[in-house]
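Worksheet: one structure, shown below.
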């Protein structure tokens, strides 16, 4: 099942750090699913690299559907357009249903957004929106092997979409756990970097039935 502790012992420090970082982000995605609004905020940051100010300023009219999904983000008088994965787009669209086109979708302060990230952080770790954003950029950069010519502020929307599609695990569905194989990979990471311990506590943390977790673990023994 995925990377074993023995294999991890042979990995370089940089590789271990990246594997751990990716698992921590995966953990935050999965743990936040217990609350739809919190899950949506987490996904927004990971999918679009949105800052708290950009999330606070987001309105219904900033959502765009076309060749692919995109979102317009405002901060400090400046705007940018970012691709967004389909699942996150649909969640934001649903959250916007009862708001006018000009009013913010999420009435949250910077500290409230940071607290959402913080409360869904892995044990022993304290994430905020900035660390979450920084770590997903680290994963994207590594997956791209630092592709030349890519710049968040100046690259075309189409190029950004292609980059995120290839390098951001949220776009490929790699951080979802609906599929048993994906759940098995997640539990492997959990065992490596946190320790499974009480499986009932793990089930409660990630909002999954304990019977499902036991079944998946049995299948991967």
Query - Among 92, 163, 30: highest mean-square fluctuation, GNM of the chain, C-alpha pairs under 10 Å - result: 163
Query raised in the report: Using Cα atoms only, what is the angle between the long axis of helix 210-220 and the major principal axis of the chain, expressed in degrees (0 to 90) to the nearest 10?
Result: 60 degrees
Report summary line: When the chain is treated as a Gaussian network with springs between alpha carbons less than 10 Å apart, the largest mean-square fluctuation among 198, 166, 15 is found at 198
Query raised in the report: Percent relative contact order of the chain, based on C-alpha pairs within less than 8 angstrom and at least six residues apart?
Result: 26 percent
Query raised in the report: Angle between the Cα long axis of helix 180-193 and the longest principal axis of the chain, 0 to 90 degrees, nearest 10?
Result: 80 degrees
Query raised in the report: Okay, helix-only estimate at 222 nm for the chain: each DSSP H run of n ≥ 4 adds -39500 (n - 2.57), divide by all residues, round to 500 deg cm²/dmol; what do you get?
Result: -17000 deg cm²/dmol
Report task. Report, in degrees rounded to the nearest 10, the 0 to 90 angle that the Cα long axis of helix 110-119 makes with the longest principal axis of the chain. Result -> 20 degrees
Report task. Mind giving me the FRET efficiency for residue 178 and residue 100? R0 is 30 Å, r the Cβ-Cβ distance, nearest 0.05 is fine. Result -> 0.35
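Throughout, read-outs are computed from the coordinates displayed, never taken from laboratory work. Fair warning: this is a prediction, and the values are worked out from it, not measured in the lab. All Cβ positions, even for glycine, are placed from backbone atoms using ideal geometry, and neighbour counts span all protein chains on display.
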